Ligand code: ADP
Ligand code: TRP
């Protein structure tokens, strides 16, 4: 690896707005791990300010924030090799957000999905939801991230971040690093139990750390069509196959593709296979998550150290931005 590739800075975040699920793992966390393994400088945080746009129960938000931090560690994000922190422990982020809003055109935010969808449903959106992408831009730009591993649903937000950084640099000089999204095609959109995108907000998830009987029930409730056992089935039109293949090696995937196409495969058998593969992948991580349940001081310490690492980069960046804008 060349020195400049090594220096690449990676950042991503997940909102602690519900329990982590397969979409979060395959669409995001798996790539977080890959970048750590490659020896990059990595910042992985919990977007609790963003979560305020949907969670309005203080106790629940606090529990989800600490719980998701424990999830990160159990999933293998090694705190000695990356910074794990809570967004609100980095007060510089809000400061940068304000500075960025002053170069952000209204039209750019009016086109963003979350805000537009809410208006289209006839609901009134609050300013937090409208400004959400600017806060996200601040999260990313504040550590000079080059690459941002996310699922497909965040692509638009990354484009907005690039636009905002570009507007800023045009006015004030080359201060901000323009980041790129990293979205591997195979995992860009993980379908939920109902075939739509899996999401905490759609009640269609398969969770990473729910009790085993709940996970089993979630897997066995993935939608299927009414094809008979003997019928050949098109793998490319099946949510079940799309979920199954996430866990498979290439040979395993070829085996299942063939079984789908040849007929004689029942959906129960596929669901049981998904459950077994799920346990193969997550069994040890789930055991580690249970242990972490009893170590809240350790998680607090991980978050404290993570915020300290992130602030070392964020402080100088914000000072540079202020200076460029004429703020003493
Ligand atoms: P949710 O939609 O469940 O609230 P988040 O918005 O917190 O999840 O997403 C956290 C990360 O996980 C983001 O990078 C997002 O793109 C990714 N992600 C979430 N759901 C999926 C999915 N179904 N497929 C692929 N990636 C996903
Ligand atoms: N908006 C992201 C999501 O819902 C979470 C997020 C906030 C994020 N800030 C970020 C992701 C910065 C990547 C980079 O999934």
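A few notes on this one:
- Seen against the Cα atoms of the chain and their longest principal axis, helix 92-101 is set at about 80 degrees.
- Degrees separating the helix 296-325 axis from the principal Cα axis of the chain, which is the longest one: 50 degrees
- Applying 0.36 nm per residue to the separation of residue 298 and residue 323 and subtracting their alpha-carbon distance, the gain on full extension is 5.2 nm.
- Sum of -39500 (n - 2.57) over DSSP H runs of 4+, divided by residues of the chain (222 nm, nearest 500): -17000 deg cm²/dmol
- Simple spin-label estimate for residue 262 and residue 228 in nanometres, 7 Å along Cα-Cβ: 2.0 nm
- Label-to-label distance, residue 37 versus residue 312, with points set 7 angstrom from Cα along the beta-carbon direction: 2.6 nm.
- In Å, descending, principal axis extents of the Cα set of the chain: 73, 46, 45
- Structural descriptor for the chain: relative contact order 23 percent, calculated from alpha carbon pairs under 8 angstrom and at least 6 residues apart.
- The angle between the Cα long axis of helix 155-172 and the main principal axis of the chain comes to about 10°, on a 0 to 90 degree scale.
- Projected area averaged over orientations for the stretch 104-204, convex hull of C-alpha atoms, nm²: 7.5 nm²
Read-outs throughout are calculated quantities, based only on the coordinates presented, and are distinct from any laboratory measurement. Please read these numbers as outputs of a predicted model, since none were measured by experiment. Reconstructed Cβ throughout: ideal geometry from the backbone, glycine too, with neighbour counts over all protein chains shown.
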